[in-house]
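Here is the structure we will look at.
The values are calculated or read from the model by the stated rules, or taken from the named source; none is laboratory data. Predicted model only: the values in this text are computed from it and were never measured. Virtual Cβ from ideal backbone geometry, glycine too; neighbours counted across all protein chains shown. The accessibility values were calculated without ligands, DNA or RNA, using every heavy atom of the protein model including side chains. Shrake-Rupley method; radii C 1.70, N 1.55, O 1.52, S 1.80 Å.
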Amino acid sequence: MQLFYNDQLDQSTTQFTFSEEESKHLIKVLRKKEGELVHITNGRGYLFEAKIINADAKKCKAEIIDTDKKHQKMFWFHLVVAPTKMNDRFEWLLEKATEIGVNEITPIICDNSERKIIKIKRMQKVILAAMKQSLQTYLPLLNDPISYKEFIAKNQKGLLFIAHCEDEEKLDLKRRVAPDKDVTVLIGPEGDFSKNEIKQAYEAGFLPVSLGENRLRTETAAIVTCATITMINNG
């Protein structure tokens, strides 16, 4: 099954027209014809089955024949991570986090951050493509970049963790996470969080966690975190 995306669809939709880009892909690349079925999500949990009624390469039109609402997970996973120095590594991180099942991502700019600007529209496209590729019906929320100071001043819900490299007592993340509980995890830049940032996190209620004995790159730490939380909740 190949999944398409249209955020304008809802329960009341009966017919719709694909964008010119998707129309071309459907008709010219996939060679879809009138009467064939396609699947679309609106990124809010709905999976629509539609029949092509006008196989136009510029304005492909389809009719909704079935609608299914997928249930949202019992927990909300918020990954708060510093952008990596290399842009392609951060794109890879977003792609894999989406495939694994993150709900929300916030890029944070830290004291030791080497990259302070990201192309948010480009990153949204990466997440959207990963959602479609992994056949998910919920599009993760990508927030605008925010300074660490601004983020830590906000009230956060659920279980709160920070993964840093300072040599101090920590529990493994897998021992801290509880099934069906909202969770937020802070992942720092290549140079790690500063001592002051770690102190601020503790004061805001974040607990230190370990991701294992090895020292991990930012993007690797983020993926280990995503995999751990997903496995605990699917166990």
If you go through the range 37-57 one residue at a time, how many are more than 26 Å from the chain's Cα centre (by Cα) and over 15 Å from Phe16 (Cβ atoms)? 1
Among the residues of the range 14-32, how many are open to solvent by 90 Å² or more (accessible area, probe 1.4 Å), under 16 Å from Ile65 (Cβ atoms) and of a type in the set (D, E, K, R)? 0
When the residues of the range 114-161 are narrowed to those that are touching a Gly at 6+ places or on another chain (Cβ under 8 Å) and not in a helix (DSSP H, G or I), which ends up surrounded by the most Cβ atoms within 10 Å (Cβ to Cβ)? Thr137
Tally of residues being in a loop (DSSP other than H, G, I, E, B), farther than 26 Å from Pro140 by Cα and open to solvent by less than 70 Å² (accessible area, probe 1.4 Å) across the range 33-53: 2
May I ask you to verify whether Glu197 is touching a residue at least 40 places away in the same chain (Cβ under 8 Å), in contact with a Cys (Cβ under 7 Å, 6 or more places away or on another chain) and assigned to a helix (DSSP H, G or I)? yes
Please enumerate the residues belonging to the range 174-233 that are exposed (fewer than 15 other Cβ atoms within 10 Å of the Cβ), touching a Phe, Trp or Tyr at 6+ places or on another chain (Cβ under 7 Å) and either modelled with pLDDT under 95 or of a type in the set (Ser, Thr, Tyr) (or both). Asp180
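Sort through Ile117, Ile109, Ile127 and tell me the only one that's over 16 Å from the mean Cα position of the chain (by Cα) and farther than 19 Å from Glu197 by Cβ. So that I can check it myself, show each step before the final result.
Numbers: Ile109 fails: farther than 19 Å from Glu197 by Cβ; Ile127 fails: over 16 Å from the mean Cα position of the chain (by Cα).
On inspection, the qualifying residue turns out to be Ile117.
Can you tell me which of Glu34, Glu21, Glu91, Glu99 is without any contact (Cβ under 8 Å) to a residue 24 or more places away in the chain, within 23 Å of Arg122 (Cβ to Cβ) and acidic (Asp, Glu)?
Values: Glu34 fails: within 23 Å of Arg122 (Cβ to Cβ); Glu91 fails: without any contact (Cβ under 8 Å) to a residue 24 or more places away in the chain; Glu99 fails: without any contact (Cβ under 8 Å) to a residue 24 or more places away in the chain.
Checking each option against the conditions leaves just Glu21.
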Considering only the range 72-96, state which residues are out of contact with any strand residue (DSSP E or B) (no Cβ under 6 Å at 6 or more places or on another chain), open to solvent by less than 40 Å² (accessible area, probe 1.4 Å) and of a type in the set (A, V, I, L, M). Leu93, Leu94
Go through Ile100, Ile64 for me and flag whichever is open to solvent by 40 Å² or more (accessible area, probe 1.4 Å), of a type in the set (A, V, I, L, M) and modelled with pLDDT of 95 or more. Ile100
Of all residues in the range 170-183, which are in a strand (DSSP E or B) and within 13 Å of Cys226 (Cβ to Cβ)? Val183
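Which residue out of Asp7, Asp56 is under 26 Å from Val102 (Cβ atoms), open to solvent by 50 Å² or more (accessible area, probe 1.4 Å) and part of a loop (DSSP other than H, G, I, E, B)?
Details: Asp56 fails: under 26 Å from Val102 (Cβ atoms).
Selected residue: Asp7, the only one of Asp7, Asp56 that is under 26 Å from Val102 (Cβ atoms), open to solvent by 50 Å² or more (accessible area, probe 1.4 Å) and part of a loop (DSSP other than H, G, I, E, B).
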